[in-house]
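Take a look at the structure below.
Nothing in this text is a laboratory measurement; each read-out follows from the coordinates by a stated rule. Model, not experiment: these values are computed from the prediction. With ideal geometry, Cβ positions are generated from the backbone for all residues, glycine too; neighbour counts draw on all protein chains shown.
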Protein chains: 2
Amino acid sequence: MTDQKTIAKLAIPNTTKIALLVMDGLGGLPLEPGGLTELETARTPNLDALARDGICGLHDPIGRSITPGSGPSHLALFGYDPVRHLTGRGVLEALGIGFDLQSGDMAARGNFCTVDSDGLITDRRAGRIPTEKGAELVKLLRSIELPDVKVFVELVKNYRFVLVLRGHGLSGPLTGTDPQKLGVAPSPVEALGADAARAASLFNQWIAAARELLADLQPANMVALRGLDKKPNLSSMSEIYGLRAAAIATYPMYRGAARVVGMDVLPAGESLEEGIETLAIHWADYDFFFVHVKKTDSAGEDGDFDRKVSVIEHADQVVVPAIVALHPDVLVVTGDHSTPALLRSHSWHPVPVLLHSRHCRSDEAQAFSEKECSKGALGRLPATEIMPLAMANALRLTKYSA
Amino acid sequence: MTDQKTIAKLAIPNTTKIALLVMDGLGGLPLEPGGLTELETARTPNLDALARDGICGLHDPIGRSITPGSGPSHLALFGYDPVRHLTGRGVLEALGIGFDLQSGDMAARGNFCTVDSDGLITDRRAGRIPTEKGAELVKLLRSIELPDVKVFVELVKNYRFVLVLRGHGLSGPLTGTDPQKLGVAPSPVEALGADAARAASLFNQWIAAARELLADLQPANMVALRGLDKKPNLSSMSEIYGLRAAAIATYPMYRGAARVVGMDVLPAGESLEEGIETLAIHWADYDFFFVHVKKTDSAGEDGDFDRKVSVIEHADQVVVPAIVALHPDVLVVTGDHSTPALLRSHSWHPVPVLLHSRHCRSDEAQAFSEKECSKGALGRLPATEIMPLAMANALRLTKYSA
């Protein structure tokens with residue numbers, strides 16, 4: 001019903017502004033049955049006020065039972081079908097570090113890792129080598145050449161890098177080489193489609209050369225690749241919604257997800273405080289702002305319930321009032337998925353969402369929490385419906401037929 | 001989004017166990033407007049405790065307005081699209097009585113019936129002849145031979161039998177011959193597709209021969225066939241979910257539905273008590289158990305409100321504690337459809353469902369009933385979403401993309 005083609009046809013210009021605040025991995029679980037979740041535990045007077053005045057619900061990023069990766073869940077929040085437009089992490093990371101990925105390029109996310117004398121992985125992150133060491137190794141790997149393609153190696157941070165192959169006729173889908181566990185060797189890249197054989201062979205040649213170059217070093221004596229993919233050709237948010245869109249996100253992957261849909265990526269600094277300063281400075285320049293808070297997710301992944309509570313409270317105290325003070329016409333607050341500290345990982349649980357605008361109906365939800373949002377009048381909705389709803393509330397969608 | 005292919009790709013091994021308790025035709029209606037349903041009337045302290053600690057909702061077996069047959073509604077509960085995988089009752093009954101139905105076989109469910117001298121049906125069940133009489137007649141019908149196909153006739157019980165044709169190139173879809181009312185003659189089998197003409201002709205030849213053999217007998221002097229179909233090629237629950245799955249069901253159709261999706265069918269005995277004994281004995285051998293309670297539906301079909309209440313209370317007292325005592329990681333309790341005593345038939349009303357696990361969020365539902373489940377955080381969901389949710393809660397689905 002609300003597919004992007006329809007939305008694109010209905011989109012009309014307006015001067016209204018939309019802000020989307022995403023607290024990564026926001027949804028949670030109680031540590032003990034019957035207890036409170038992270039969000040229910042946190043003192044969040046500003047979010048609660050927005051929930052009281054706004055309309056609330058629970059969204060499914062991909063599907064009711066699906067534990068989402070952050071790439072697809074962000075695409076869904078931006079209104080793009082996350083299954084049809086599944087995009088490899090290599091592409092998101094490459095775009096995220098500002099690499100000028102071109103149409104036809106294939107990108108992979110790389111890790112330096114440690115292997116023993118039998119080639120079995122003993123540390124997937126090579127002791128989390130410092131960024132200076134990573135930069136040095138990336139320089140070494142740049143000496144690798146491949147027939148008929150250009151090769152780019154760019155450091156992301158620490159042990160993480162991006163590998164890009166540029167040339168004609170490169171195609172996926174390809175498997176990654178990171179087995180994501182210890183005690184086994186990295187797998188070779190495999191072609192999953194008939195057209196993918198050449199790209200697979202080139203990636204494997206590069207890996208063989210990298211192994212040779214790194215063999216006598218410690219602890220980073222091998223590489224593992226994942227998320228090998230081509231840049232997708234998505235219509236931009238400007239094309240679909242007619243919005244000048246900007247992202248404020250500190251982590252490369254989220255900056256990459258924003259770039260994939262054509263957002264400008266603004267300098268976010270390192271802290272939430274710097275991020276909202278950027279927001280205020282650029283408020284006049286854009287119609288849509290995506291503000292990303294990463295550390296809710298990191299705390300959940302670490303199983304640190306209390307730290308996740310603190311991050312939520314910090315966002316409530318610092319980020320929410322700063323956005324509200326700019327008087328967006330529509331403010332959406334949500335997460336990209338749940339990351340309960342109990343599970344120490346992303347999970348399938350639906351995610352609280354609130355939408356605040358002059359034109360939303362109010363509902364029974366009296367605070368911003370999993371339980372209150374489950375009473376909200378937005379009900380249970382797919383994440384892809386959130387952007388169209390924000391557009392409608394911003395009076396940026398015209399009538400469907402006469 | 002949560003199609004079976006996606007679920008199959010995400011399924012990972014674990015040692016967790018899932019139990020699915022289906023009370024057939026569970027959903028109901030009050031006898032008087034404003035009154036209580038069968039489930040709301042029943043004293044169900046064990047189910048209520050599960051509902052309080054677990055997460056509840058209402059499911060639609062096929063669609064919001066569709067009154068489901070038991071075959072499709074069970075396939076939906078097992079996670080199979082009930083429309084795409086519509087399976088004739090002949091197949092379910094044949095598999096249900098343990099007949100070794102092979103790929104390409106066509107099966108029909110048969111009734112002995114009574115017709116008058118004009119060939120019009122006067123009793124659709126031939127006075128519910130006893131099983132011994134049915135067996136005798138089946139023996140007689142086994143003498144019928146058809147060109148180029150093997151013919152199997154197997155008694156189910158009383159007046160019910162299964163007819164199977166085996167040979168090359170048999171194909172449906174075919175119409176049944178049972179008009180399901182009195183005073184009319186059985187219809188001929190009709191081919192609904194271009195490839196179905198030969199099968200239709202063979203079934204009609206068989207019926208003509210059966211009519212001749214039975215003509216002078218009373219009360220079973222004719223047959224009526226329905227649910228004529230070919231065995232579908234469904235991926236098994238083991239292939240899709242990686243689950244070793246077992247069924248405990250006393251009625252052939254439900255055993256058949258379980259066999260269609262590759263479950264082992266365990267000896268269920270005749271009573272709920274015998275069924276749960278089987279469950280305990282085989283608890284270590286399987287990852288997934290489907291436990292079926294039939295008599296809720298039979299009472300509803302008979303219009304017997306009080307008996308349906310009693311069957312629900314019996315299941316609450318006997319079956320629920322026995323399953324809980326085995327500590328399944330995920331316990332789902334629901335029905336396959338509603339069978340309100342008021343309507344004396346299956347109905348379109350959504351069905352209460354509860355899911356209990358260590359990883360579900362709790363919600364507002366304080367008891368297991370239509371009204372409380374409508375407040376539950378599972379909300380309103382298609383039946384096909386239940387198995388994926390059980391898999392997620394059993395930590396048997398990995399993350400979708402990075």
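What do you get for trypsin sites (Lys or Arg not before Pro) in the range A:119-165 restricted to DSSP loop and a cutoff of at most 13 other Cβ within 10 Å of the site's Cβ?
Here the trypsin sites (Lys or Arg not before Pro) that fit, given the DSSP loop and packing criteria, are A:Arg142.
For the protein assembly as shown, the alpha carbon positions stretch 96, 63, 59 Å along the principal axes, listed from largest to smallest.
Remark: label point of B:Lys150 defined 7 Å out from Cα along the Cα-Cβ vector; separations to the same position in other copies 6.8 nm, ascending. A simple spin-label model places the labels of A:Lys139 and B:Asp81 5.6 nm from each other, with each point 7 Å out along Cα-to-Cβ.
With all pairs of different alpha carbon atoms counted, what Kirkwood hydrodynamic radius in Å does the range B:1-40 show?
Numbers: mean 1/r = 0.0702 Å⁻¹.
That comes to 14.2 Å for the range B:1-40.
The Rg/Rh ratio of the range A:93-132, with both radii computed over alpha carbons and Rh defined as the Kirkwood radius, is 1.14.
Given 37 °C and 0.692 mPa s, compute D for chain A with the Stokes-Einstein relation, Rh being the Kirkwood radius over Cα pairs; round to the nearest whole µm²/s. The estimated diffusion coefficient comes to 149 µm²/s. Dimensions of the range B:31-151 from C-alpha coordinates, computed as largest minus smallest value along each principal axis and given longest first, are 60, 37, 28 Å.
Our compactness index for the range B:93-230, the C-alpha radius of gyration over the empirical 2.2 N^0.38 Å, is 0.97. Stretching the chain fully between B:Ser65 and B:Ala197 yields a gain of 44.2 nm (0.36 nm per residue, less the alpha carbon separation). Each other copy places its own label point for A:Ala208 at 7.2 nm from this one, sorted shortest first, where the point lies 7 Å along the Cα-to-beta carbon line. For chain B, the relative contact order comes to 34 percent (Cα pairs under 8 Å, sequence separation of at least 6). The Cα atoms of the range B:130-198 cover 40, 32, 16 Å along the three principal axes, with the biggest extent listed first. Taking the square roots of 5 times each eigenvalue of the Cα gyration tensor of the range B:201-346, largest first, gives ellipsoid semi-axes of 34, 23, 14 Å. The Rg/Rh ratio of the range B:328-402, with both radii computed over alpha carbons and Rh defined as the Kirkwood radius, is 1.03. Remark on the range A:58-129: hydrodynamic radius 14.8 angstrom, per the Kirkwood mean of 1/r across alpha carbon pairs. Measuring from each Cβ of chain A to the axis carrying A onto B, the nearest residue and its distance in whole Å come out as A:Gly379, 4. Other residues whose C-beta falls under 11 angstrom from the C-beta of B:Ile121 contribute a net charge of -1, scoring Lys and Arg +1 and Asp and Glu -1.
Let me know the whole percent of all Cα-Cα pairs from the range A:287-371 that are separated by more than 23 Å. Could the numbers behind the result be given before it?
Values: 972 of 3570 pairs.
Distances greater than 23 Å cover 27 percent of the Cα pairs.
Taking the label point 7 Å along Cα→Cβ, A:Arg344 and its counterparts in the other copies are spaced 6.1 nm apart, in ascending order. Exposed loop sites, defined as GluC sites (Glu not before Pro) outside DSSP H, G, I, E and B with at most 16 other Cβ atoms within 10 Å, are absent from the longest region of chain B, namely B:1-144.
Relative to one another, the C-alpha centroids of the range A:281-358 and the range A:43-115 are positioned 13 Å apart.
For the range B:93-230, the tally of Lys pairs with Cα-Cα distances below 25 Å comes to 9, considering only residues 8 or more apart or on different chains.
If I stretch the segment between B:Phe152 and B:Lys181 completely, what's the gain in nm (0.36 nm per residue apart, minus their alpha carbon distance), one decimal? Numbers along the way, then the final one.
Values: separation 29, 0.36 × 29 = 10.44 nm, distance 2.70 nm.
So the extension gain works out to 7.7 nm.
Calculated translational diffusion coefficient of the range A:21-83 (10 °C, 1.306 mPa s; Stokes-Einstein with Kirkwood radius over alpha-carbon pairs) equals 116 µm²/s.
The mean number of Cβ atoms from other chains found within 10 Å of a Cβ in peptide B:355-363 is 5, as a whole number.
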